[in-house]
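A.B. asks: Dropping the structure in here first, questions after.
The values are calculated or read from the model by the stated rules, or taken from the named source; none is laboratory data. Keep in mind the model is a prediction, meaning the values are calculated, not measured. Here the Cβ positions follow ideal geometry from the backbone for every residue, glycine too, while neighbour counts run over all protein chains shown.
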Amino acid sequence: MSGDLLDRLAEKRVVICAGSGGVGKTTTSAAIAMGLAARGARVCVVTIDPARRLADALGIEQLGSVPHRVDAGRLAGHGITTNGQLWAMMLDPKRTFDELIEGLAPDAATRDEILDNRIYRELSGAVAGSQEFTAVAKLYDLERSGRFDVIVLDTPPSRNALDFLDAPDRLTGFLEGRALRVLLAPSGLAARVVGRGTAVIFSVLGRLTGVDLMSDLKVFFAALSTVLDGFRERATAVKALLADDATTFLIVTSPEREPVAEAIFFRDKLREARMPFGGLVVNRVHPLADEEPDADGEVDGLDAPLARKALRTLAELRALAARDAAAIDRLRRAVGDDDPVIVPHLAGDVHDVDGLVAIHRHLFAVGDERARLLSEAAF
Amino acid sequence: MRDLLSKPLVVVTGKGGVGKSTVAAALGMAAASRGLRTIVAEVSARDDVSRALATDAPAPGTTFVERDLGDGLHHISIDPESALEEYVRDQLPRGVSDLLTSSRMFAYLVAATPGLRELLTVGKVWELAQPDRRTPGAHPYDLVVLDAPATGHGVGVLTAPGTFADAARMGPVARQGGKIHAMLADPERTAIVAVSRAEEMPVNETLTLRDALADDPLRQRLAAVVVNGVLPNRFRGAELRALEAAPPSRAVRAARTEAARARAHRSQLARLRRSVGDVPVRTLPFVFGDAGDLDGAAVARLGEELVR
């Protein structure tokens, strides 16, 4: 695998940016969406938790469950002509999950029973994988709507990349599980059918947890089980979409140790799950210039104390650059991407339109231009 | 920040990648070097704290063990499954607890119940922090440092007991959840430290964390904010002008880049300080190398810097 990002994204309808938190995943997603929209596509970027200023820059102040069109005028002043359409949406997982329940509940009474349940209200955000499931379910809706040529998904910042890939299975797996069916079964006969051991377990659980909690849980799971068919259907469709040829996963990382380890781990998981891998984006890189600096030439015209400090700073940045180069080498080998897309550590703040434009320039550079931009930023 | 070490429990929170585990390990080392019997607890199976403490990761199958690292410092890696097993064995007669812990259905139900993993995890942390340990033969600690999970700012582990106590209303979970909650919500007994960086997103996240803590059910405050990786203010006015005027050699570009980043750090730091009011904000210097590769002595020095 090699090549420019544009080639990698050709013919793709769904671009999923995955990686650990704090590596510029949201900005990368937004810059990719902006670049594709500039090149004529109708693009929607779905983010979970963008920096306030980035959201402001794109004009999506509101959390919500519907995309907003980004005014092309916001970008025009920064040298970006939007030939297509750019839409952005800041996903509110709780509300979107509520809407999913509303859409799937067989009737108003069941819907209210779930939405008003104490366990659901207080803890639905913590239901295993619900945030991840919500994100992919939304992705599926948007894709099916036919309103967009490309959807770029900025994945939730899971500590564990698996959460995201497994979410559909885990949620339905639980709802279909034997434990749930037993929990939901009426007492008496069912208890005898499933055996005494189970009855004991539930009586012990009741003692341990307090009766109210158990009955709340029971109502919660009972009501949720009515939307099970809808969930299952949705999960199957979502999984098919994730594995589709028109879908691609970009792994976004920085050269720091933890995100690199996470990126490699996630690549393995993609392979296991047979999901399509589109390449690696390494942000915040300090490119390393090949030749050693010539101390005298570097500080021509600076007085001695300042020259010393400048040279020390250069030595430190070169140490960082050497570390980054080693990390990228390791990534190349472990991930199987010979020519990852490298974005240098930018001096300015990247949470505004100018920052987006700067990152976009590196992401969408083609051919020799990529190497040239990197060497300009090299130390 | 020295008074942090006088509380029985210090919870170190923050998103991933800000150096949270390093700070937790550094605080643990500083406490132990002051003669406190200290344990640093981590909850993910990633062994970040082990690495920061410059010790080997626990052998497989021995994670849920209080390991003595010498000189008063201890380490434990807590997983909800082991915490549950221990809790159930403690609460129930042997036969019943065996039945329960060997039941797949029970494991399933526990895994799927929202918030229960957090409750079990923090329940073990609470147990470690008790002067009278429930675990037979276990010695009490003077200080427990928890490296909180990175998800959701780690607020989940702090709020789970209160939420459960409230939902259960009666029975052992309600009673014990209530006790754990009372400790976590008490600033005299639990100090919550946020680890951040002097950048836009981490500062925003720290402020969100502060607001979430102040809210129901916890109504807690941040005891301190530690800002990691702050660049020194190396170049001043006249020097900056000279750098701007000089031809853009690599050294000059390096100096300009660093000056710009240091300036951005200062402005984020100022915003953080303004926003958190009287919460102490401490900074740790940027390490030119990988913070994860710090040796034990370097982490200990960071700890001294924090409690100075």
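A.B. asks: Quick one: in region B:184-198, of everything that is of a type outside the set (A, V, I, L, M, F, W, C) and part of a strand (DSSP E or B), which residue is nearest to the other protein chains (Cβ to nearest Cβ)?
C.D. replies: B:197
A.B. asks: Now, a different point. May I ask you to list pairs of residues, at least six apart or on different chains, whose Cβ atoms are under 8 Å apart, with the first in region B:174-187 being within 14 Å of residue B:221 (Cα to Cα) and the second being among the hydroxyl-bearing types (Ser, Thr, Tyr) and not in a helix (DSSP H, G or I)?
C.D. replies: B:183/B:190; B:184/B:190
A.B. asks: Another one. Within region A:284-301, which residues are charged (D, E, K, R) and either under 25 Å from residue A:372 (Cβ atoms) or facing another protein chain (nearest Cβ under 7 Å) (or both)?
C.D. replies: Correct list: A:284, A:290, A:291, A:292, A:294, A:298, A:300.
A.B. asks: Now for a separate question. Cβ-Cβ distance below 7 Å, separation of 6 or more or different chains: which pairs start in region A:29-41 with a residue that is among the hydroxyl-bearing types (Ser, Thr, Tyr) and end on one that is surrounded by 24 or more Cβ atoms within 10 Å (Cβ to Cβ)?
C.D. replies: A:29/A:17; A:29/A:45; A:29/A:47; A:29/A:152; A:29/A:154
A.B. asks: Continuing with this model, one more query. Taking region B:199-237, which residues are among the small types (Gly, Ala, Ser) and either away from chain A (no Cβ under 12 Å) or part of a helix (DSSP H, G or I) (or both)?
C.D. replies: Of everything in region B:199-237, those that are among the small types (Gly, Ala, Ser) and either away from chain A (no Cβ under 12 Å) or part of a helix (DSSP H, G or I) (or both) turn out to be B:212, B:214, B:223, B:224, B:237.
A.B. asks: Right, next: Considering only residues of region B:1-21 that are outside any helix (DSSP H, G or I) and among the aliphatic types (A, V, I, L, M), which is surrounded by the fewest Cβ atoms within 10 Å (Cβ to Cβ)?
C.D. replies: The selected residue is B:1.
A.B. asks: Specify the residue that is nearest to residue A:7 (Cα to Cα); the eligible residues are those in region A:243-257 that are among the β-branched types (Val, Ile, Thr) and more than 14 Å from chain B (Cβ to nearest Cβ).
C.D. replies: A:248
A.B. asks: Of everything in region A:337-355, what is modelled with pLDDT under 90 and either assigned to a helix (DSSP H, G or I) or among the β-branched types (Val, Ile, Thr) (or both)? Give them in sequence order.
C.D. replies: Those that are modelled with pLDDT under 90 and either assigned to a helix (DSSP H, G or I) or among the β-branched types (Val, Ile, Thr) (or both): A:350, A:353, A:354, A:355.
A.B. asks: Among the residues of region A:350-379, which ones are within 10 Å of chain B (Cβ to nearest Cβ), over 21 Å from residue A:76 (Cβ atoms) and touching a residue at least 12 places away in the same chain (Cβ under 8 Å)?
C.D. replies: Result: A:377, A:378, A:379.
A.B. asks: Considering every residue within region B:159-167, establish whether at least one is more than 14 Å from chain A (Cβ to nearest Cβ) and surrounded by fewer than 21 Cβ atoms within 10 Å (Cβ to Cβ).
C.D. replies: No - not one qualifying residue is present in region B:159-167.
A.B. asks: Further, regarding this structure: Would you say residue B:229 is under 30 Å from residue B:281 (Cα atoms), touching a strand residue (DSSP E or B) at 6+ places or on another chain (Cβ under 9 Å) and of a type in the set (Gly, Ala, Ser)?
C.D. replies: Considered against the rule, which asks whether it is under 30 Å from residue B:281 (Cα atoms), touching a strand residue (DSSP E or B) at 6+ places or on another chain (Cβ under 9 Å) and of a type in the set (Gly, Ala, Ser), residue B:229 comes out as yes.
A.B. asks: What pairs come out if I take residues in region B:42-68 that are of a type outside the set (D, E, K, R) and pair them with residues that are modelled with pLDDT under 70 whose C-beta lies under 6 Å away, six or more apart or interchain?
C.D. replies: That search, which allows pairs on different chains as well, returns B:57/B:47.
A.B. asks: Return the residues of region A:256-283 that are in contact with a helix residue (DSSP H, G or I) (Cβ under 8 Å, 6 or more places away or on another chain) and of a type in the set (Lys, Arg); say none if nothing qualifies.
C.D. replies: Hits for region A:256-283 are A:257, A:267, A:269, A:274.
A.B. asks: On to the next question. Only residues that are modelled with pLDDT of 90 or more and facing another protein chain (nearest Cβ under 7 Å): list them for region A:302-322, please.
C.D. replies: If the condition is that a residue be modelled with pLDDT of 90 or more and facing another protein chain (nearest Cβ under 7 Å), then A:306, A:309, A:310, A:311, A:313, A:314, A:316, A:317, A:319, A:320 are the ones that fit.
A.B. asks: A further question on this structure: Can you name the residue in region B:22-49 that is farther than 19 Å from residue B:129 by Cβ and within 14 Å of another protein chain (Cβ to nearest Cβ) and is also surrounded by the most Cβ atoms within 10 Å (Cβ to Cβ) among such residues?
C.D. replies: Among them, the one singled out is B:22.
A.B. asks: Inside region A:50-152, counting only helices (runs of 4 or more DSSP H) that do not spill past its ends, which hold 3 or more residues that are within 18 Å of the chain's Cα centre (by Cα), modelled with pLDDT of 85 or more and more than 26 Å from residue A:219 (Cβ to Cβ)?
C.D. replies: A:130-145
A.B. asks: Say whether the condition of being in contact (Cβ under 8 Å) with a residue 24 or more places away in the chain, closer than 30 Å to residue A:312 by Cβ and in contact with a His (Cβ under 7 Å, 6 or more places away or on another chain) is met by at least one residue in region B:213-232.
C.D. replies: Yes, that holds for at least one residue.
A.B. asks: Please specify each residue of region A:239-274 satisfying the condition of being part of a loop (DSSP other than H, G, I, E, B) and modelled with pLDDT of 90 or more.
C.D. replies: Residues satisfying the conditions are A:244, A:245, A:246, A:254, A:255.
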